[in-house]
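Colleague: This is the structure I have questions about; it appears just below.
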Amino acid sequence: IFKTEFHRLDMRYDHDTPRGHLRVAATLGVENSIAGSSVTQHTGVAASSVGVRAEGEERLSPEMKLRYGADTVLYHYSIDTGTDPAAELRALYPERNDVMIGAYGDVIWKASPRVEVVPGLRTDVFTSRLAPGAIPAGQSALGSMSSATASVGLEPRLATRVAATSKVTWISTFGVAHQPPSLFVPIPGLTLGRLDTGLQTSLQASQGAEIDLPLDFKLTSTVF
């Protein structure tokens with residue numbers, strides 16, 4: 001009646017530099033979900049992905065550390081509706097190639113013995129291109145749809161750690177995040193192909209406290 005699965009293979013190479021660390025990695029993935037009990041009455045979605053990334057950190061001074069990275073992922077999505085054309089389903093989950101490219105950096109700055117500030121910025125470019133014949137442009141059952149679309153997300157972030165006392169530290173964070181349109185519940189392979197409607201955006205903030213307890217125990221509480 002229903003089947004879902006995903007698999008990942010991640011390969012990493014780590015290298016220590018005179019002032020920090022560097023990692024280069026690649027990830028291969030496959031995922032799929034199928035609903036239905038017969039050859040003619042079923043819906044199957046599948047995705048395969050190839051991703052590469054590089055990330056590193058360098059000590060700029062005793063009070064400052066730089067962290068940086070870049071990554072790119074290629075996804076190929078496909079859908080199988082048996083003998084039923086299912087135009088609306090194909091409009092939501094068309095066969096396509098999505099590419100995501102991102103770069104980020106932040107600085108861990110020890111402003112004083114009691115205060116640590118971490119400003120950061122990430123930029124992502126999301127692109128989507130329909131496979132030939134997936135859905136004729138402008139003929140989607142759910143409205144017009146471009147054969148190729150692209151969106152850019154700019155994501156500033158800020159975190160602070162303030163030692164209120166020798167045993168209590170306040171931790172505050174704020175950030176902006178983007179992602180392509182998605183379902184409320186993540187299902188392998190089932191990703192909406194509606195990048196032309198824009199990105200999902202969230203504003204995220206949290207406030208927490210870290211308290212040192214006896215016997216090397218630590219209590220952390222966060223509201224977000």
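The values are calculated or read from the model by the stated rules, or taken from the named source; none is laboratory data. All values derive from a computational prediction rather than experimental measurement. Here the Cβ positions follow ideal geometry from the backbone for every residue, glycine too, while neighbour counts run over all protein chains shown. Just the protein is used for accessible areas: all its heavy atoms, side chains included, with ligands, DNA and RNA removed. Shrake-Rupley method; radii C 1.70, N 1.55, O 1.52, S 1.80 Å.
Colleague: Does residue 48 qualify as being modelled with pLDDT of 95 or more, surrounded by fewer than 17 Cβ atoms within 10 Å (Cβ to Cβ) and under 21 Å from residue 187 (Cβ atoms)?
Modeller: Judged against the criteria, residue 48 is a match.
Colleague: Can you tell me which residue in the range 89-98 is farthest from residue 75 (Cα to Cα), limited to those that are open to solvent by 40 Å² or more (accessible area, probe 1.4 Å) and not charged (D, E, K, R)?
Modeller: Checked the range 89-98; the qualifying residue farthest from residue 75 (Cα to Cα) is 89.
Colleague: Show me the strands (runs of 3 or more DSSP E) found entirely inside the range 151-223 where at least 1 residues are touching a Lys or Arg at 6+ places or on another chain (Cβ under 8 Å) and modelled with pLDDT of 95 or more.
Modeller: Working: elements: 168-179, 200-212, 218-223.
Here the list reads 168-179, 200-212.
Colleague: In the range 175-207, which residues are of a type in the set (A, V, I, L, M), free of Cβ contacts under 8 Å to residues at least 40 places away in the same chain and either over 21 Å from residue 224 (Cβ atoms) or touching a helix residue (DSSP H, G or I) at 6+ places or on another chain (Cβ under 7 Å) (or both)?
Modeller: 183
Colleague: Can I ask one more? Quick one: how many residues across the range 49-79 are assigned to a strand (DSSP E or B) and under 30 Å from residue 113 (Cα atoms)? Reasoning before the result, please.
Modeller: Within the range 49-79, the first condition is being assigned to a strand (DSSP E or B), and the residues that meet it are 49-61, 64-79.
Narrowing further to those that are under 30 Å from residue 113 (Cα atoms): 55-61, 64-69.
Final tally of qualifying residues: 13.
Colleague: State whether the residues of the range 205-220 include one that is closer than 30 Å to residue 151 by Cβ, loosely packed, with under 12 Cβ neighbours inside 10 Å and out of contact with any Phe, Trp or Tyr (no Cβ under 6 Å at 6 or more places or on another chain). Write out each step before concluding.
Modeller: Step one: filter the range 205-220 for residues closer than 30 Å to residue 151 by Cβ, giving 205-206.
Then keep just the ones that are loosely packed, with under 12 Cβ neighbours inside 10 Å; that gives 205.
If we keep only those that are out of contact with any Phe, Trp or Tyr (no Cβ under 6 Å at 6 or more places or on another chain) as well, we get none.
No, the range 205-220 contains no residue that is closer than 30 Å to residue 151 by Cβ, loosely packed, with under 12 Cβ neighbours inside 10 Å and out of contact with any Phe, Trp or Tyr (no Cβ under 6 Å at 6 or more places or on another chain).
Colleague: Scan the range 162-205 residue by residue and report those that are more than 23 Å from residue 103 (Cβ to Cβ) and touching a Ser or Thr at 6+ places or on another chain (Cβ under 6 Å).
Modeller: If the condition is that a residue be more than 23 Å from residue 103 (Cβ to Cβ) and touching a Ser or Thr at 6+ places or on another chain (Cβ under 6 Å), then 163, 172, 187, 188, 189, 190, 196 are the ones that fit.
Colleague: So which residues in the range 164-201 are of a type in the set (A, V, I, L, M) and open to solvent by less than 60 Å² (accessible area, probe 1.4 Å), if there are any at all? Reasoning before the result, please.
Modeller: Going through the range 164-201, the residues of a type in the set (A, V, I, L, M) turn out to be 164, 168, 171, 176-177, 183, 185, 187, 190, 192, 195, 199.
Correct list: 164, 168, 171, 176, 177, 183, 187, 190, 192, 195, 199.
Colleague: Taking the stated definitions as given, is residue 28 open to solvent by 70 Å² or more (accessible area, probe 1.4 Å), closer than 23 Å to residue 131 by Cβ and free of Cβ contacts under 8 Å to residues at least 24 places away in the same chain?
Modeller: Criteria met by residue 28.
Colleague: Might you check whether a residue that is of a type in the set (A, V, I, L, M) and closer than 23 Å to residue 186 by Cα occurs anywhere in the range 108-119?
Modeller: No, the conditions are met nowhere in the range 108-119.
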